[in-house]
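So the structure is just underneath, and the comments pick up after that.
The values are calculated or read from the model by the stated rules, or taken from the named source; none is laboratory data. This structure is a prediction, so every number in the text was calculated from the model and none was measured. All Cβ positions, even for glycine, are placed from backbone atoms using ideal geometry, and neighbour counts span all protein chains on display.
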């Protein structure tokens, strides 16, 4: 079984940080929706920020996954 390299571990940490920021922006969105209403510019901006952090967390998580098989050097024989 292969393990994550240091770069993939850093990417996983960034994915977790992005997920935390997504939950914070969900709270900000809920607060703006309750106080200012759904037609306010800040509410729409908070929702788009939430979706941005969610998409970044998804992409960074998939980038951080370890390889499924052991990679061979490029100049090795194909036997």
- If you check every pair at least six apart or on different chains, which have Cβ atoms under 8 Å apart with a residue in the range 37-52 that is at positive phi and surrounded by fewer than 13 Cβ atoms within 10 Å (Cβ to Cβ) first and a residue that is assigned to a helix (DSSP H, G or I) and at pLDDT 95 or above second? 37/43
- What residue, among those in the range 18-32 that are surrounded by fewer than 16 Cβ atoms within 10 Å (Cβ to Cβ) and more than 25 Å from residue 60 (Cα to Cα), is nearest to the chain's Cα centre (by Cα)? 30
- Filtered residue count, the range 1-58, keeping only those that are part of a helix (DSSP H, G or I) and farther than 27 Å from residue 71 by Cα: 34
